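Data block below; observations after.
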Amino acid sequence: MSSPDPTRRAPHDQPFGPWVQTTLADGWDPEPEAPHPAVAGAARAAAAHRAGLLAALPGRAVVVPSGSAPVRANDTVFGFRPASAYTWLTGDQAEGAVLLLAPDGTATLYLPPTAGPGTLTYVTDRREGALWVGGIPSAATTAQQLEVQVKPRTELAADLAGVPHPRVLGGIETGLGEGDPELARTLDRLRAVKDDWEVDRLAEACAATARGFADVVAELPGLLAAGGRRGERWLEGTFWRRARLEGNDVGYSSIVAAGSNGTSLHWAPVDGDVRPGQLLLADMGVETTSLYTADVTRTFPVDGTWTPVQRRVHDAVREAHLAGIAEVRAGNQFLAAHHAAQWVLADHLHRWGLIAHTADDALHPDLHRPGAGAHRRYTLHSTSHLLGLDVHDCARLDGDEYLSTVLQPGHCLTVEPGLYFQVNDRTVPDELRGIAVRLEDDLVVTDGAARVLSDALPLDADGLSAWMADAQADAQAGARAGAQPRGV
Ligand code: GLY
Ligand code: MN
Ligand code: MN
């Protein structure tokens, strides 16, 4: 690979004359060393992950690229987020990097070129110039932090020429198309079962998420007093600001949906007003600097007071949620939580007169029977998915394997039943139309009862109201004392 022309430029850039080119490259001290982003324990966890992969797929080298930032337009890109398997195997988060894992366990990271002080490119190149990009750890820092061999990416092609039949991870994140499907499936099969270090990272993400939720509910009284216009955006921003202030990000676009907007499962506009009397469905998760993400939903009245019908729907979803959680244990099928939660929802729907068939009929495994799936008009989505570095983790497992998973300690998954009554559904009585309730927690399977990682947030209607009041009182007390925003 040849070096970029140090004077290459975007159409809106001014050209560099010969005199300035000769002066710009000189006069620089070395840059201050940038820290590596790996969190404590990442290198050891990654080494164990590599050993697990080679045990599962021995005999051939493995190539896993980190990928590159998706293009937004022309030379502007969206924020970079490495392919999860790359970070899982390395602890690294560099863009444009490639892991070569030899069958004997030798791990080499090939890092993209960075032009440092002493070169014209340092000053002029928006992609490779360290002065433009900022915060790139040196190869030596990466090697020392991650306990792997590090080489320039320019040497990858030559090194690969001597490697017989390497398995390459493809996929959208890596930018490499199809790749080796057996490698992709094996990685997801291994990644589905988390070690203790990973569970700790998910617990951190859930704790950070709870702090973001507290900020959101603390702002509701002020938001309502100000009229609540585009309040969903304000609250989405509040959650994001908390995540960013703590050095984190969000693991997916926050779903912040007031009133009937919650009946759109992935309410994307997030631009609605927030008005007294509405429920707010907030599905939000912090992705920490380790890149593990939470995925948590609570639904609560924006003014803290439940109407009887809101409470009735919430109580039903909570009952389904608890029934689902009770089925998350080692030896049970992945789908056991789904069936338990959906049975409870179907039973309520039957007793409320929305579906004529009983819960047993609605949940009957013979999908050709009349009434089979009758509840699905109002429950809409599955109850669980795997969770980890990706919010919908391990999605390269094919559907049969995913759904027939037998849970074992270390599996991390959500339980997230919901009821959704569309405003335009003629089968729904007026009092229920526009009501949407979802409850979502993040769990890890253990030897005993599942551990609920997101249990800092209450589940029951009264508990939610009390939690809102507490968060609002805390925020007020902080404001009276002239404190910084909490946690800063
Ligand atoms: N936030 C997306 C989901 O709950 O699956
Ligand atoms: Mn989820
Ligand atoms: Mn969610």
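The values are calculated or read from the model by the stated rules, or taken from the named source; none is laboratory data. Treat the numbers as computed from the prediction; the structure is a model and nothing was measured. Backbone-built Cβ (ideal geometry, glycine too); neighbour counts: all protein chains shown.
Here are a few things to note about the model shown:
- Remark: Pro221 falls outside the filter, which requires a residue to be in a loop (DSSP other than H, G, I, E, B), on the phi < 0 side of the Ramachandran plot, modelled with pLDDT of 95 or more and away from ligand 3 (no atom under 15 Å from the Cβ).
- Index of the failed condition, Leu279 passing every other in (1) crowded, with 16+ Cβ neighbours inside 10 Å; (2) over 18 Å from Gly304 (Cβ atoms): (2)
- Segments classed as strands (runs of 3 or more DSSP E), wholly inside the stretch 358-447, with at least 3 members that are within 16 Å of ligand 1 (Cβ to nearest atom) and under 24 Å from Leu280 (Cβ atoms): 418-420, 436-438, 441-444
- Note on the stretch 238-260: among residues that are out of contact with any Ser or Thr (no Cβ under 6 Å at 6 or more places or on another chain) and of a type in the set (S, T, N, Q), the one that is surrounded by the fewest Cβ atoms within 10 Å (Cβ to Cβ) is Ser253.
- Exactly one residue among Leu187, Leu160 is away from ligand 3 (no atom under 16 Å from the Cβ) and over 23 Å from the mean Cα position of the chain (by Cα), and that residue is Leu160.
- In the stretch 256-289, the residue that is nearest to Gly418 (Cα to Cα) out of those that are within 14 Å of ligand 3 (Cβ to nearest atom) and charged (D, E, K, R) is Asp283.
- Scanning the stretch 292-316 for residues that are touching a Gly at 6+ places or on another chain (Cβ under 9 Å), crowded, with 24+ Cβ neighbours inside 10 Å and either assigned to a loop (DSSP other than H, G, I, E, B) or among the hydrophobic types (A, V, I, L, M, F, W, C) (or both) returns Tyr292, Ala294, Asp295, Val296.
- Which numbered condition Ala69 misses (of (1) in contact with a strand residue (DSSP E or B) (Cβ under 6 Å, 6 or more places away or on another chain); (2) closer than 30 Å to Pro164 by Cβ): (2)
- Checked against the criterion of being among the basic types (Lys, Arg), away from ligand 1 (no atom under 16 Å from the Cβ) and more than 30 Å from Leu363 (Cβ to Cβ), the stretch 275-283 has at least one qualifying residue.
- Trp234 vs. criteria surrounded by fewer than 24 Cβ atoms within 10 Å (Cβ to Cβ) and within 25 Å of Gly79 (Cα to Cα): yes
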